[in-house]
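Read-outs: derived from the displayed coordinates by stated rules, not from any lab. Bear in mind the structure is a predicted one, so any value in this text is a computation, not a measurement. Note that we place each Cβ from the backbone using ideal geometry, even for glycine, and neighbour counts take in every protein chain shown.
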Amino acid sequence: MSNFKYILFDLDGTLIDSGAGIIKGVKYALRKYGIEEENEAQLRTFVGPPLNQQFAKCYGFSAEKSMEAVKFFREYYETKGILENEMYAGIDSVLQKLKAQGKFLMVATSKPEKFAHNILAQHDLEKYFDFIGGSLTDGSRITKIQVLDYVLKT
């Protein structure tokens, strides 16, 4: 990696295992619609991609209903789910070495930007990143392409 000055990371599944909190939040949202989902493989598909897309894909929710489900998800996630994640082993030392080499480190995540900052701070990783970009809860930047575009233009 000595030839690279800029390094871009995803958050979920790369730096942090946030599966437990996301899955519990999805189950919480689905219960609001009377759906009791126990299929772990189905629930795991929500880790990573934009949630509204997954609600539509997996449950046939309309765009409006998908966004409502995301709001229900956030009811749980903002207070409990955000605390139910673990840093992958060795990440701290990798980031430390990259910063010592003068690398410019960035995060681009589909997760709301405010959650990304909180999660990275919770694990004392925020200090390594020069820029952290994520989705916006107002719906103006929600796709991974929009987030990547935002981060790469910064």
Note to self: For the chain, take the longest principal axis of its alpha carbons; what is the angle in degrees between that and the long axis of helix 63-77, to the nearest 10 within 0 to 90?
What the structure shows: 70 degrees
Item checked: Extent along principal axes [Cα atoms of segment 19-83; Å; largest to smallest] -> 29, 23, 23
Next item on the list: Please list 19-32, 40-53 highest first by mean number of surrounding beta-carbon atoms within 10 Å per residue.
Entry: 19-32, 40-53
Next item on the list: State to the nearest 20 debye the size of the charge dipole of the chain about its Cα centre, where the only charges are +1 on K and R beta carbons and -1 on D and E beta carbons.
Entry: 340 debye
Notebook entry, point to check: Based solely on its DSSP helices, what 222 nm [θ] is calculated for the chain when runs of n ≥ 4 H residues each add -39,500 (n - 2.57) and the sum is averaged over all residues, nearest 500 deg cm²/dmol?
Noted result: -14000 deg cm²/dmol
Next item on the list: Just need log10 I(q)/I(0) for segment 49-154 at q = 0.16, 0.19 Å⁻¹, Debye formula, equal scatterers on the alpha-carbon atoms, no solvent, rounded to two decimals.
Entry: -0.79, -1.03
Notebook entry, point to check: Along the positive direction of the dipole of the chain (beta-carbon charges: Lys, Arg +1; Asp, Glu -1; about the Cα centre), which of T14, L98, L83 reaches farthest?
Noted result: L98
Check: Angle between the Cα long axis of helix 91-100 and the longest principal axis of the chain, 0 to 90 degrees, nearest 10?
Finding: 40 degrees
Checklist line | Cα-centre dipole for segment 19-83 with unit charges at Cβ (Lys and Arg positive, Asp and Glu negative), debye to 20 | finding: 100 debye
Next item on the list: Enter the angle in degrees (range 0 to 90, nearest 10) between the Cα long axis of helix 19-31 and the first principal axis of the Cα atoms of the chain, meaning the one along which they spread out most.
Entry: 20 degrees
